Amino acid sequence: MIKIVNLSKTYKHGNQNFEALKNINLTIDDGDIFGIMGLSGAGKSSLLRCINLLEIPTSGEVLIDDTDITKLNGKQLRNFRKNIGMIFQQFNLLMNQTVFENVAFPLKISNIHKSDIEKKVNHLLQIVELEDKKNSYPSQLSGGQKQRVAIARALATNPKIILCDEATSALDPQTTQSILNLLKSINDELKITIIVVTHEMSVIKNLCKNVAVIEDGQIAEIGSVVEVFSNPTSKTSKKFSEDIFLSSSTKIVSYGKLLKITFIGDDAQKPIISNMVKNFNVDANIISGNIDIVQNTQLGSLIINLSGDEKEIKKAENYLKEHKLTVEVIENGIC
Amino acid sequence: MESANLYSYLFDLLKTLYPSLIETIYMVFFSTLFSVILGLPLGIILVITSKGHICENLKVNKILSTIVNIARSIPFIILIIAIFPLSRIIVGTTIGSTAAIVPLSIAACPFVARIIENALFEVNWGIIEASLSMGATTLQIIFKVMIKEAMPSLILGITLTIINILGYSAMAGAIGGGGLGDLAIRYGYQRFQTDVLIATILVLIILVEIIQYAGNILSKKFDKR
Ligand SMILES: Nc1ncnc2c1ncn2[C@@H]1O[C@H](COP(=O)(O)OP(=O)(O)OP(=O)(O)O)[C@@H](O)[C@H]1O
Ligand SMILES: [Mg+2]
């Protein structure tokens, strides 16, 4: 368990002080995927870097499994850091060394036997699906592959915690998704606690279980992702929540049929949904809805949950399609 | 001139040049070696004690930096004359190539320190930070991260050092250090044998070309960026 108690961080610039973190209190349970989100300059990275003391807190405690790591001496801290992996936006790989040597680095500096290193690194490269790139140099890899190397390297010392600072911000959406899936499976299978700093909503909604929203160096909101974004109260979470429930990958209900309906232009004003409910024996539960103006055209999207008789649902669906609406089945809880 | 004569003329010229060439190579090799042995730790300390680096110590940094700057601002010829007495203490003589190695190494040392400092500063801070997060010690970061990552630049820097020392060695030759510089002065300047002077210059040009070429190739070999 990670417990941050009354943590503050003040940066000194000459005789100017800047209070980047103000009295942060936070608990992260083992096995969690915890998101730290906020706008640029909010203090996300500062907070994350206090967890492995890359940044020394000005005051407060960082308790990891009841050890206050701010009290450790140099050697103890170095050993402790081997329990905490870290991955970065810019990958930070050794450019003049091969993929193998990069992943082996944390093991080499721990004086682990050569044959054990070889075995471990090969296993890790298998996990991140890069066995065939073993002898390549980072410059020969794509961004996603580089981040996979960084993840393998972070896993090398069997850490209990992995810290990610904008780990997917330099990647395209598809590659982001594959990295998120990898992180999810690491959390799932290896039971590693993952803490991610991000300003991307897709990371929060696809990866995190819990989230803290940071505003001006303070925690503005904290709780489970669904809690925070179903009832956003801070400026930041309101801004970020705009698109959350419109994503096709959000799991909201597990019964009935979940449909995403997209309508364009004048259709946005017609009472198609209420007509559908009147005409067919189904219940429609509106989960979320949104109308945007995109290039002078109204673009609406609605997520509804249909329940009732399977045949009636089918008919209702066809009714919607007849009215030239785009209907996408997000989840079919019937079968 | 008959071709047989031409050959024997060139042969004589080479015979005159050869011992000086060997002396020059001897001086340059050992001066580079010692200046790197002295300058490398200096360069490393200049980097790691700088602001925000892994062993920040601004006082040490300022002192070393000032010494290096002062040493670099003294003209080489004056430095040699000032240091020559030291050669007697270290190698027992102030005459000859061996004696010249002492002032050459010392004169090149601050230059090497700056070259190495520049190369090591080029190493991406993110990589050093990643190493810190993995629990690397200061020595591990210096030798397994910074030096390895900076290798291509370090090699180019040392190549530049060798070429500089080659130039310095010619000056050292003028005050009794032997080598190609000494030869050029004795034959070219004092005896007006222009052909020997020209031949010396040609040999120096070829030497510089070879050193630079080898340095470039070696640096590329280490560069996987
Ligand atoms: N080393 C430093 N010295 C001085 N000020 C700093 C330092 N590091 C961060 N800051 C300041 O602290 C504040 C928080 O920075 P931090 O990097 O934690 O923000 P962030 O939320 O991670 O932002 P971003 O999304 O842009 O990465 C910023 O205003 C920044 O200018
Ligand atoms: Mg940041």
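The values are calculated or read from the model by the stated rules, or taken from the named source; none is laboratory data. Here the structure is a predicted model, which means the values were calculated and not measured. Reconstructed Cβ throughout: ideal geometry from the backbone, glycine too, with neighbour counts over all protein chains shown. Note: areas computed on protein heavy atoms with side chains; ligands, DNA, RNA excluded. Shrake-Rupley method; radii C 1.70, N 1.55, O 1.52, S 1.80 Å.
Tell me whether segment A:40-177 comes out rounded, prolate or oblate; compute the Cα gyration tensor, take square roots of the eigenvalues as a ≥ b ≥ c, and use a/c under 1.5 as the rounded threshold. Oblate, since a/c reaches 1.5 and b/c is not below a/b. Protein-only accessible surface at a 1.4 angstrom probe places the residues A:E322, A:E131 in the order A:E322, A:E131, largest first. Label separation (B:T138 vs B:S3): 6.8 nm, computed from points 7 Å beyond Cα along the C-beta direction. Relative to the longest principal axis of the Cα atoms of chain A, the long axis of helix A:310-322 makes an angle of roughly 80 degrees. Computed over chain B, the convex hull of the alpha-carbon atoms projects to a mean area of 15.0 nm². Sites listed here are trypsin sites (Lys or Arg not before Pro) in segment A:142-230 whose DSSP assignment is loop and whose Cβ has at most 11 other Cβ atoms within 10 Å: A:K191. Between the Cα long axis of helix A:173-190 and the first principal axis of chain A there is an angle of about 70°, rounded to the nearest 10.
Surface calculation, 1.4 Å probe, protein heavy atoms: A:E328 sits at approximately 80 Å² accessible.
Each principal axis of chain A carries a Cα extent, and these read 73, 51, 37 Å when sorted largest first.
Note on A:T326 and B:S73: with the Förster distance fixed at 56 Å, the Cβ-Cβ geometry gives a FRET efficiency of about 0.15. A helix-only calculation puts chain A at -10000 deg cm²/dmol for mean residue ellipticity at 222 nm, using -39500 (n - 2.57) for each DSSP H run of at least four residues, averaged over all residues.
For segment A:67-102, a decrease in accessible area of 30 Å² or greater in the assembled protein chains relative to the isolated chain, with a 1.4 Å probe, applies to A:R78, A:R81, A:F88, A:N92, A:L94, A:M95, A:N96, A:Q97.
Carbon and sulfur atoms: what percent of the 1.4 Å accessible area of segment B:3-222 do they account for? Carbon with sulfur: 72 percent of the solvent-accessible area.
Annotation: amide H of A:I214 within the under-5 Å range of A:M37, A:G38, A:A220, sequence separation 5 or more or interchain, hydrogens built in the peptide plane.
Relative to the longest principal axis of the Cα atoms of chain B, the long axis of helix B:97-121 makes an angle of roughly 40 degrees.
When a/c reaches 1.5 or more, the comparison of a/b and b/c decides; with that in mind, is segment A:131-183 rounded, prolate or oblate per its Cα gyration tensor? Here segment A:131-183 falls in the oblate category.
Annotation: for a label point projected 7 angstrom from Cα along Cα→Cβ of B:I37, residues of segment B:70-103 with backbone N closer than 18 Å are B:86-93, B:97-103.
Within the assembled protein chains, the solvent-accessible surface assigned to A:H123 is about 100 Å², based on a 1.4 Å probe.
On association of chains A and B, roughly 2000 Å² of accessible area becomes buried (total for both chains; probe 1.4 Å).
Dipole size of the protein assembly as shown about its Cα centre, with +1 on Lys/Arg Cβ and -1 on Asp/Glu Cβ: approximately 1140 debye, rounded to the nearest 20. Taking only the Cα atoms of segment A:12-103, the radius of gyration and Dmax are 15.5, 45 Å. Grab the beta carbon distance between A:A170 and B:E122, set R0 = 22 Å, and tell me the FRET efficiency rounded to 0.05. That pair, A:A170 with B:E122, gives E of 0.55. Rounded to the nearest 500, the 222 nm mean residue ellipticity of chain B from helices alone is -26500 deg cm²/dmol, with -39,500 (n - 2.57) taken per DSSP H run of at least 4 residues. So, for chain A, what is the accessible surface per residue at a probe of 1.4 Å, expressed in square angstrom? Accessible area per residue, chain A: 48 Å². Mean separation of Cα pairs under 8 Å and 6 or more residues apart, divided by the residue count, gives chain B a relative contact order of 25 percent. Residues A:M276, A:M1, ordered by accessible area of protein heavy atoms at a 1.4 angstrom probe radius and largest first, appear as A:M1, A:M276. A Cβ-based charge dipole, computed about the Cα centre of segment B:3-222 with Lys and Arg at +1 and Asp and Glu at -1, lands at about 300 debye.
Rolling a 1.4 Å probe across all protein chains gives A:C50 an accessible area of roughly 0 Å². Quick one: of the DSSP bridges fully inside the protein assembly as shown, what percent are antiparallel, nearest 5? Rounded to the nearest five, the antiparallel share is 70 percent. Backbone phi angles across segment A:301-309, fed through the Karplus curve with coefficients 6.51, -1.76 and 1.60 (θ = phi - 60°), yield HN-Hα couplings of 8, 9, 10, 10, 10, 9, 10, x, 5 Hz in residue order; Gly and Pro are listed as x.
Using the 1.4 Å probe convention, the accessible area of chain B works out to 52 Å² per residue with neighbouring protein chains retained.
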